[in-house]
Amino acid sequence: MNTELLRALQDLEKEKGIDIDVLLEAIEAALLSAYKRNFGSNQNARVIIDRDTGFCKVLARKKVVSEPRDKSVEISIDEAREIDPNYDLGDIVEIEVTPKDFGRIATQTAKQVIVQRIKEAERDIIYNEYASREGEIITGVVQRIEGRNVYIELGRTEALLLAQEQMPGERYVQGMRIKTYILEVKKTTKGPQILVSRTHPGLLRKLFEMEVPELQDGIVELKSVAREPGSRSKIAVYSKDENVDPVGACVGPKGIRVQNVVNELNGEKIDIVKWEPDYSKFIANSLAPAKVIAVEIWENEKIARVIVPDYQLSLAIGKEGQNARLAAKLTGWKIDIKSESQMKEIYSQGFEETNTFIGD
């Protein structure tokens, strides 16, 4: 160890944010292990590094006793008082036992510890940076594909897009730039693992927040999201300003804002509906583009029955029930859709039938 290495440690503290005292303590611990390993010592020893000069030395720690039985860890009271007359029985005496060629071992060991600590510090920095960004969007480049998993380069690290978090039908190729949603950041023995998603509803929410200034400013609020990734989604928006149309704000001039989101999601269809505090109105809006005649609600059970024109029934339900299913997710209500003719038949029979509700 020398002043040059000490200056290098000080530079590391500035550049990497690694506390120099923590580094020096780690080096001292590593040097003690190296001393015992190389010199076969069973002494009770410690290594100290001078914080001003970088000079290191090994001190054997011995207990003051009247008659030593093991001279590697004990010293007589007479010998101790030759070093310092103030020593008494039970005290600990430290005697320097630094080997002649210990400087070479010290330098080599210090470098190994520094390299390891730099790696650990960089891992901690990356972990802390991305752990604080959970729930945000990141842009990266597809680096490689292993099996069904996709690894995305983020600069100093990479993210993992698992098969279950990939959009159905979406193809990934090396060099492709994509936006993903940070699901979770884990600490592992190999460093931080960043798990990302292309299917999470949060991705849709964040994409709109990036595109719509009114959402960023808080004038428009995105109340809820329902998504079937790669196929179709619905979002419910509300404006705190009566003069601002929340749906229009999200659609954008000539539809540019919503189209940018659709393009990022490879053509996923998106319905933007107006959120209403009145449950009946919100449920009717949620079934867009279908037109609704009336909505009956059972608030305690959060059940709604929606009546639509006969020619709108298939549109309201959607292909394989998708439109109704997304409306149920968006509102949090179970929704039963009936046509006008179905309702006339029910009322003409004079009884209520047992319904299976969308969202069960």
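Computed from the coordinates by the stated procedures, all read-outs in this text should not be read as laboratory data. No experiment lies behind these values; they were computed from the predicted model shown. We place every Cβ from the backbone using ideal geometry, glycine too, and count neighbours over all the protein chains shown.
The angle between the Cα long axis of helix 322-331 and the longest principal axis of the Cα atoms of the chain comes to about 60 degrees, rounded to the nearest 10. Of the residues Ile48, Ile307, Ile92, the one that moves most in a GNM of the chain with alpha-carbon contacts below 10 Å is Ile92.
Within the chain, which is the longest segment that contains none of the trypsin sites (Lys or Arg not before Pro) sitting in a DSSP loop with at most 13 other Cβ atoms within 10 Å? Result for the longest clean stretch: 292-360. Per the Kirkwood formula applied to alpha carbons, the stretch 133-197 shows a radius of gyration over Rh ratio, Rg over Rh, of 0.93. Local charge for Leu23 was computed over the other residues whose Cβ lies under 9 Å away, with Lys and Arg +1 and Asp and Glu -1, and equals -3. Using 0.36 nm per residue and subtracting the Cα-Cα separation, the extra length available between Lys14 and Met210 on full extension is 67.1 nm. The ranking of Trp298, Trp275, Trp333 by Cβ neighbour count inside 10 Å, starting from the fewest, reads Trp298, Trp275, Trp333. Under 10 Å, Cα contacts only: if you run a Gaussian network model on the chain, which one of Ile152, Ile138, Ile114 comes out with the highest mean-square fluctuation? Highest fluctuation among the options: Ile114.
Neighbours of Met167 by Cβ distance under 14 Å: Lys/Arg scored +1, Asp/Glu scored -1, total +2.
Determine the alpha carbon to alpha carbon distance for each of Lys223/Lys291; Lys179/Lys291; Lys179/Lys302; Lys179/Lys281; Lys111/Lys187; Lys14/Lys206 and list only those over 28 Å.
Where the Cα-Cα span goes over 28 Å, the pairs concerned are Lys179/Lys291; Lys179/Lys302; Lys179/Lys281; Lys14/Lys206.
Return the label of the correct value of semi-axes √(5λ) of the Cα gyration tensor in Å, as calculated from the structure shown, out of (i) 40, 23, 18; (ii) 72, 23, 18; (iii) 33, 25, 20. After the calculation, the listed value that fits is (ii). Please build a GNM for the chain, connecting alpha carbons under 10 Å apart, and tell me which residue among Thr331, Thr188, Thr157 fluctuates the most. Checking each option, the largest mean-square fluctuation is seen for Thr188.
Residues whose amide H lies under 5 Å from that of Trp275, counting only those 5 or more places away or on a different chain, are Val237, Tyr238; hydrogens are built 1.01 Å from N in the peptide plane.
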